[in-house]
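Q: One structure coming up, written as structure tokens, with questions to follow.
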Amino acid sequence: MKYKKGEFGYWWTVLKGNDDIEWEHVDGDINCHLKKLTSLKGAPKTINGRFDCSFNFLIDLKYSPESVNGTFDCEGNNLETLEGAPKTVQGDFNCVNNNLTSLNGLPSIIVGKSYFFKNANKHLEIEYEVRKTFPNYSESKIQNEMFRRTKDKSYLSKEGNSLFL
């Protein structure tokens, strides 16, 4: 058998009875949340729609689609890294309630909003905003700006900023 239990491809082909879509383009949404997945092996290469792999047992995003023309939702897994995440997300990127400590592996293009609160590193929301606002800042300037923002209580109380510190 090509896929093992717990892999996206097993769920898609064996449990759902669909044709294999690994490395293909899919039009439409794929909703594989709450399927006890441990790997996204077998996921399509690109999706013209939403990809929801939330509330599974993923520790990384290896085998994710390379491009999602909609929202990518990986909330509520056990993600320790964003390695393997899509390169492009044309909608929102929801990575709430995981075990992330950094934004390494973050998609290079996210058109919508990004959500990172309730992770091991409680300042990922601020880090993302700083990196997006100041893309040419050096690492030391980014760290200084993050420090300033985490200490500025008026900044933290503004609507839309990280209130979950």
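The values are calculated or read from the model by the stated rules, or taken from the named source; none is laboratory data. These numbers were taken from a predicted model, which means no experiment stands behind them. Ideal geometry is used to build each Cβ from the backbone, glycine not excepted, and the neighbour counts take in all protein chains shown.
Q: Within the bounds of the range 12-32, is there any residue that is over 27 Å from N121 (Cβ atoms), at pLDDT 95 or above, among the small types (G, A, S) and part of a loop (DSSP other than H, G, I, E, B)?
A: Within the range 12-32, one or more residues are over 27 Å from N121 (Cβ atoms), at pLDDT 95 or above, among the small types (G, A, S) and part of a loop (DSSP other than H, G, I, E, B).
Q: Let me ask something additional. Residue under question is V68, and the condition is that it be closer than 17 Å to D29 by Cα, of a type outside the set (S, T, Y) and either surrounded by fewer than 20 Cβ atoms within 10 Å (Cβ to Cβ) or in the same structural domain as E22 (by TED's automatic domain parsing) (or both); does it hold? Let's see the steps before the verdict.
A: Working: closer than 17 Å to D29 by Cα: yes; of a type outside the set (S, T, Y): yes; either surrounded by fewer than 20 Cβ atoms within 10 Å (Cβ to Cβ) or in the same structural domain as E22 (by TED's automatic domain parsing) (or both): yes.
Yes: the conditions hold for V68.
Q: Now for a separate question. Sort through T38, T46 and tell me the only one that's farther than 20 Å from E127 by Cβ and in contact with a His (Cβ under 6 Å, 6 or more places away or on another chain). Talk me through it step by step, then tell me what you get.
A: Values: T38 fails: in contact with a His (Cβ under 6 Å, 6 or more places away or on another chain).
Step by step, each of T38, T46 is checked, and only T46 is farther than 20 Å from E127 by Cβ and in contact with a His (Cβ under 6 Å, 6 or more places away or on another chain).
Q: So, one more: Within the range 142-162, does at least one residue satisfy the condition of being surrounded by 14 or more Cβ atoms within 10 Å (Cβ to Cβ), part of a loop (DSSP other than H, G, I, E, B) and at pLDDT below 90?
A: yes
Every residue, every condition in (1) at pLDDT below 90; (2) among the basic types (K, R); (3) more than 12 Å from the chain's Cα centre (by Cα), yes or no:
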{"position": "K87", "(1), (2), (3)": "no, yes, no"}
{"position": "G91", "(1), (2), (3)": "no, no, no"}
{"position": "N97", "(1), (2), (3)": "no, no, no"}
{"position": "L106", "(1), (2), (3)": "no, no, no"}
{"position": "I110", "(1), (2), (3)": "no, no, no"}
{"position": "K118", "(1), (2), (3)": "no, yes, yes"}
{"position": "H123", "(1), (2), (3)": "yes, no, yes"}
{"position": "R131", "(1), (2), (3)": "yes, yes, yes"}
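Q: Also: For the range 20-42, enumerate the residues that are surrounded by 14 or more Cβ atoms within 10 Å (Cβ to Cβ) and basic (K, R).
A: K35, K41
Q: Going through K113, K87, K132 one at a time, which residue ends up being of a type in the set (D, E, K, R), more than 19 Å from N31 (Cα to Cα) and not assigned by TED's automatic domain parsing to the domain that holds N31?
A: Details: K113 fails: not assigned by TED's automatic domain parsing to the domain that holds N31; K87 fails: not assigned by TED's automatic domain parsing to the domain that holds N31.
Going through K113, K87, K132 in turn, the sole match is K132.
Q: Is there a residue in the range 41-50 that is within 10 Å of the chain's Cα centre (by Cα) and outside any loop (DSSP other than H, G, I, E, B)?
A: Looking only at the range 41-50, we keep the residues that are within 10 Å of the chain's Cα centre (by Cα), and these are none.
Taking every residue of the range 41-50 in turn, none turns out to be within 10 Å of the chain's Cα centre (by Cα) and outside any loop (DSSP other than H, G, I, E, B).
Rundown of residues vs (1) among the aromatic types (F, W, Y); (2) surrounded by fewer than 19 Cβ atoms within 10 Å (Cβ to Cβ), yes/no style:
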{"site": "Y10", "(1), (2)": "yes, no"}
{"site": "N18", "(1), (2)": "no, yes"}
{"site": "P44", "(1), (2)": "no, no"}
{"site": "I47", "(1), (2)": "no, no"}
{"site": "I59", "(1), (2)": "no, yes"}
{"site": "T81", "(1), (2)": "no, yes"}
{"site": "T88", "(1), (2)": "no, yes"}
{"site": "N94", "(1), (2)": "no, no"}
{"site": "N98", "(1), (2)": "no, no"}
